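Engineer: Attaching a single structure in structure tokens format; questions to follow.
The values are calculated or read from the model by the stated rules, or taken from the named source; none is laboratory data. This one's a predicted model, so the numbers in the text were calculated from it and none came from an experiment. Note that we place each Cβ from the backbone using ideal geometry, even for glycine, and neighbour counts take in every protein chain shown.
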Amino acid sequence: MEGIVSLIRISADRIVPALYLMDENESYTFAQIRKANNEDTLPVDSLKKEKVRGRNRRPEEKRVKDEKKNKIDSVYIGQPVGLKSTSVVMLKKIHVVKSDSIIKKIATVQDEDFKKCLLMHKEIKRTNDLHQQLHKIKKKIEMAQYNNEKYRDLEKQKEKIETQKELLLRKNAEVKDSINYAKRIQSAIMPPEEYFQEILNDDFIFFY
């Protein structure tokens, strides 16, 4: 099922297009798809290199703002045959369904795009895991402060996780820049896949 876009039922009255990502224990993980807009194909600003220790460390509120600005949650996939418009895979709109909720296949994305989506899905999961770890340590620090206990080791753990999370967000922003900018150039050069299907039937084009 790699690269397959299907219509899936996510509730009693709602059916959405989604890209298959993986399956486990008879459950299938899909990322929802939506119509692309102009912003989806523009490179995002990468985080500026900043020191994470000492006096030059940026304030907490600015760090959170930059996290939201540079969050990585979508991949532009162009217009595969079967989709009505250029599209984006929303990798934070994840649905886990059983086989009876998969209605029908409607398109297939390029293998390269599928791999990008899968990679980004894993990176988002890693970021979320770090966020959860950070939340737990902050709770422990609050408890230690309340009980007038030492918490220096917890502060060190917190700083380490914040550094890992910041580096991961920066890396992900650079990955998204590369992915979407390359796709934008390709889409500008080549017509939609449906055009080739209509005029070439079973023939093919070798593009380099």
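Engineer: Of all residues in the stretch 139-185, count the ones that are buried (at least 17 other Cβ atoms within 10 Å of the Cβ), modelled with pLDDT of 85 or more and acidic (Asp, Glu).
Structural biologist: Going through the stretch 139-185 one residue at a time, the tally reaches 1.
Engineer: Would you check which residues across the stretch 98-121 are surrounded by fewer than 17 Cβ atoms within 10 Å (Cβ to Cβ), under 14 Å from residue 22 (Cα atoms) and touching a Ser or Thr at 6+ places or on another chain (Cβ under 7 Å) and list them?
Structural biologist: 98
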